[in-house]
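The block underneath contains the structure these notes are about, expressed in structure tokens.
The values are calculated or read from the model by the stated rules, or taken from the named source; none is laboratory data. Just so you know, these numbers come straight off a predicted model, no measurement behind them. Backbone-built Cβ (ideal geometry, glycine too); neighbour counts: all protein chains shown.
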Amino acid sequence: MKRILTALVAITFLWSCSKDEEKLELKEELVETPQTIEVIPKEKIDEFIINSLRKNNEFNWSEANDVMLWSALVHADSLLTIGYTVSGEGNINERITSINVKDREWVRSKDEILMETTEVLSYKYDKEVTVSELPNFTHEVLPFVEIKVSDLEVISRLRSLDNVRYVEPLGYEVNFQTYAAGERYSDSGCSNESDFNLTPDTYTTISPNAKMSWNYPHMGIDQAWNYSTGQGITVGLIDTGLSPDQTKLGNEFNSGLSANRSVERYGFYATGMWWWKEIDGPDDKCGHGTAMAGVIAAPRSTNGSSVGVAYNANLIGVRGTGDVIINGGNEKTGVSDALVYLGNRSDVKIISMSIGDVFTNSKVADAIRYAYGRGKLIFSAAGTSTSFTNWFGVIFPATMSETVAITGVKEGQYVRCDICHSGDKVDFTVVMEKAGSNAHPLSLPMSGAQPSTVGGSSVATATAAGIAALVWSKNPGWTRDQVLNKLKQSADFYPNRNSSFGYGNLNALSAVQ
């Protein structure tokens, strides 16, 4: 017994010495870290990001050094997103759906990150900082944790850990106005009013008195309705919500030739900061989500309103953003949570996202991969912006291999629409800008039956999601890959790909036959 006690004392002593050595090394690191490093001005950070976008067509925070990332954190809300893994797991991107973050080894990995953070803060401020005192949030499904901190030493320490996948400032936003000579960027999609100047060549009246947009025949949508109208397929729309005043997305969703289907509304976008923020509800305060919902699934009604591509499909409208750009911290959180929610809905086959940003956000990417792993067919807009920003190629998340990137082209020619992006990441195109007049497709306004018009890669994306619903409804036993392959085979350029327009224009009639 005496020998056992002696051995235990020796082991405890060695472990204690080991921990003391680690703490001493950490203290030496902090002493060596200059305490007078100046915050990089926001203009310089924005310039760095813009230059990276011009050179590479994308930007990831892994390109920035510790000081720049810390400076971005200081300029934003001091909320840091840390993606974690278990040491030795390798690349988890393709397996993220199968990970249970509540398993012991994943909890331990997350706890180590929080403890490392408090240890650095304790030494820096010469007082004990506990995990309970550190404002932090752990996602219940995805492997990331968020903490409120603004210390360079913490960032440097976290980025050196082998169980950390990424470290990113949550709320940092690029000020594009500095470079755009006053042109608007973030809220450019927030308008949706009835268009009382529609000309006869922009629509066709079809039974039982609905308006069919001028561009539908260009993709065989009207003829495809002889085979499929989307019955039995549920499309999840992540956008700015649905207008409570648009009855076609309410009690008139089943009207005219649209029947036996459902519409649901949810909100994951929050307003406010950290522990004070609250979910803002499912209601559209921008107009963009309502327009996209109209393109996908507006009813084939009797009072002159516009009809959606899949007018008998079910619709779930999820408010994930306040506008069309996923750039604010609350928008990144809202979109991530919306993707997880729709990913876990077994009835959802298709997710439509006519939203995005010019650079990657890793926690949204995690959520995309999660929904993809659940078998969802995810359509994403290639990008819609002002003349300043449409020199970008395809934007995030349409840049991801897990999404299907859609852009819009002009009638009768392969020329991108005036405000659309294009590039080698584009998968399909949709005709959405009329030759001569540049008129755009019809959709639902915030209220009333008189149609509105909507343009950009946004409407192209919603149209593609509607066409996919027609195909899946015709072939309900198919997998995502079978539906996607059928869409490819129906497109103009198949089996080839164009360097700017992918497989080209979709053909709904060919895809459902």
Residue satisfying condition, being of a type outside the set (Ser, Thr, Tyr), in a strand (DSSP E or B) and assigned by TED's automatic domain parsing to the domain that holds Gly294, within set Ile350, Ile368: Ile350
Every residue from the stretch 310-339 that is more than 21 Å from Val394 (Cα to Cα), surrounded by fewer than 24 Cβ atoms within 10 Å (Cβ to Cβ) and of a type in the set (S, T, N, Q): Asn314, Asn330
Verdict on Gly267 being in the same structural domain as Val307 (by TED's automatic domain parsing) and at positive phi: no
Within the stretch 340-357, tally of residues that are closer than 21 Å to Leu80 by Cβ and buried (at least 22 other Cβ atoms within 10 Å of the Cβ): 1
Conditions (1) under 22 Å from the mean Cα position of the chain (by Cα); (2) surrounded by 18 or more Cβ atoms within 10 Å (Cβ to Cβ); number of the one not met by Asn93: (2)
Meets criteria (within 27 Å of Ser258 (Cβ to Cβ), among the small types (Gly, Ala, Ser) and either outside the structural domain of Thr429 (by TED's automatic domain parsing) or assigned to a helix (DSSP H, G or I) (or both)) for Ala310: no
Complete set of residues in the stretch 479-493 that are more than 17 Å from Gly220 (Cα to Cα) and either surrounded by fewer than 16 Cβ atoms within 10 Å (Cβ to Cβ) or among the small types (Gly, Ala, Ser) (or both): Thr479, Asp481, Gln482, Asn485
In the stretch 151-178, residue modelled with the lowest pLDDT [restricted to those that are touching a helix residue (DSSP H, G or I) at 6+ places or on another chain (Cβ under 6 Å) and either part of a loop (DSSP other than H, G, I, E, B) or closer than 25 Å to Val454 by Cβ (or both)]: Asn175
Meets criteria (among the hydrophobic types (A, V, I, L, M, F, W, C) and touching a Leu at 6+ places or on another chain (Cβ under 7 Å)) for Ile296: yes
Total residues in the stretch 225-262, condition within 17 Å of Ser306 (Cβ to Cβ) and among the small types (Gly, Ala, Ser): 6
Phe379 in the same structural domain as Thr461 (by TED's automatic domain parsing), in contact with a helix residue (DSSP H, G or I) (Cβ under 7 Å, 6 or more places away or on another chain) and surrounded by fewer than 24 Cβ atoms within 10 Å (Cβ to Cβ): no
Evaluation of Val129 against (1) assigned to a loop (DSSP other than H, G, I, E, B); (2) exposed (fewer than 15 other Cβ atoms within 10 Å of the Cβ) (one fails), failing number: (2)
Selection status of Leu470, surrounded by fewer than 20 Cβ atoms within 10 Å (Cβ to Cβ), in the same structural domain as Arg300 (by TED's automatic domain parsing) and not in a loop (DSSP other than H, G, I, E, B): no
